[in-house]
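Trainee: Here it is, the structure in full.
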Amino acid sequence: MTTTAVETVLDVAFWFMDKARSEDVYLQPQKLQRLLYLSQGHYAQAYHGRKLMPAIFQVYQSGPIEPNTYRIMETGRPDIRAVGLPPEVANFLERLWLRYGHHGTDHLNQEVKAHEIVWRVLRKGEGEEIPFSLMAAFFQQLGTTPRRRTIKTPDGRRLQKWIPTGRPVARSVTHN
């Protein structure tokens with residue numbers, strides 16, 4: 001079993017809660033759960049399959065939930081001392097917050113529920129655990145496959161990003 005970058009899942013949860021509070025943003029419990037799931041997966045992607053935190057994720061119709069933090073945080077933040085995170089972990093979480101923190105809970109729910117591993121495990125039943133090995137493999141595959149964003153016009157045409165060729169354009173010069 002690999003060692004984790006932080007000692008508890010609460011360390012990461014408190015980091016997200018403190019970050020949201022410092023930006024005067026309300027962090028909904030479901031959004032916290034999605035951020036925990038995404039941080040575990042993206043950390044495995046970035047650090048070659050290493051776990052960010054000792055956590056398990058169970059899948060439900062609403063999306064993955066880390067049951068320990070869910071139960072502990074049901075009535076709000078508990079009175080537990082937060083510890084400082086190693087700089088590389090804090091930097092990683094900062095980047096993750098910049099990527100996902102501005103999204104609403106509904107957007108994160110949709111994004112996470114679209115993950116193949118979530119609906120594959122959900123077929124076994126609600127409350128099933130998402131094996132970390134599957135999570136790590138899925139997120140590493142995400143990193144190697146470029147995500148193309150298709151934008152369509154109202155009439156169904158696909159838009160493509162325009163990239164200049166750098167070739168000079170012939171212009172006619174008129175002298176008066």
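Trainee: Please give the number of the condition E7 fails out of (1) within 14 Å of the chain's Cα centre (by Cα); (2) within 17 Å of F92 (Cβ to Cβ); (3) among the charged types (D, E, K, R).
Mentor: Evaluating E7 over (1) within 14 Å of the chain's Cα centre (by Cα); (2) within 17 Å of F92 (Cβ to Cβ); (3) among the charged types (D, E, K, R) leaves (1) as the failure.
Trainee: OK, next. Being among the hydrophobic types (A, V, I, L, M, F, W, C), touching a residue at least 40 places away in the same chain (Cβ under 8 Å) and not in a helix (DSSP H, G or I) narrows it down to one residue among A44, A20, A13, A5; which is it? Please lay out each step first, then the result.
Mentor: Values: A44 fails: not in a helix (DSSP H, G or I); A20 fails: not in a helix (DSSP H, G or I); A13 fails: not in a helix (DSSP H, G or I).
Step by step, each of A44, A20, A13, A5 is checked, and only A5 is among the hydrophobic types (A, V, I, L, M, F, W, C), touching a residue at least 40 places away in the same chain (Cβ under 8 Å) and not in a helix (DSSP H, G or I).
Trainee: Let me ask you something else. Of the residues in the stretch 47-89, how many are in a helix (DSSP H, G or I) and hydrophobic (A, V, I, L, M, F, W, C)? Walk me through it before giving the result.
Mentor: As a first pass, look at the stretch 47-89 and keep what is in a helix (DSSP H, G or I): 67-72, 87-89.
Retained after the next criterion (residues that are hydrophobic (A, V, I, L, M, F, W, C)): 72, 89.
So the answer is 2.
Trainee: Counting just the residues of the stretch 42-64 that are under 13 Å from the mean Cα position of the chain (by Cα) and within 18 Å of H103 (Cα to Cα), which one comes out surrounded by the most Cβ atoms within 10 Å (Cβ to Cβ)?
Mentor: This residue is P64.
Trainee: Is there a residue being touching a Ser or Thr at 6+ places or on another chain (Cβ under 8 Å) and surrounded by fewer than 17 Cβ atoms within 10 Å (Cβ to Cβ) anywhere in the stretch 2-20?
Mentor: Taking every residue of the stretch 2-20 in turn, none turns out to be touching a Ser or Thr at 6+ places or on another chain (Cβ under 8 Å) and surrounded by fewer than 17 Cβ atoms within 10 Å (Cβ to Cβ).
Trainee: Okay, moving on. Can you name the helices (runs of 4 or more DSSP H) wholly within the stretch 90-160 that have at least 1 residues being loosely packed, with under 10 Cβ neighbours inside 10 Å and modelled with pLDDT under 95?
Mentor: 132-144
The values are calculated or read from the model by the stated rules, or taken from the named source; none is laboratory data. Predicted model only: the values in this text are computed from it and were never measured. For neighbour counting, all protein chains shown are included, and Cβ atoms are generated from backbone atoms with ideal geometry for every residue, glycine included.
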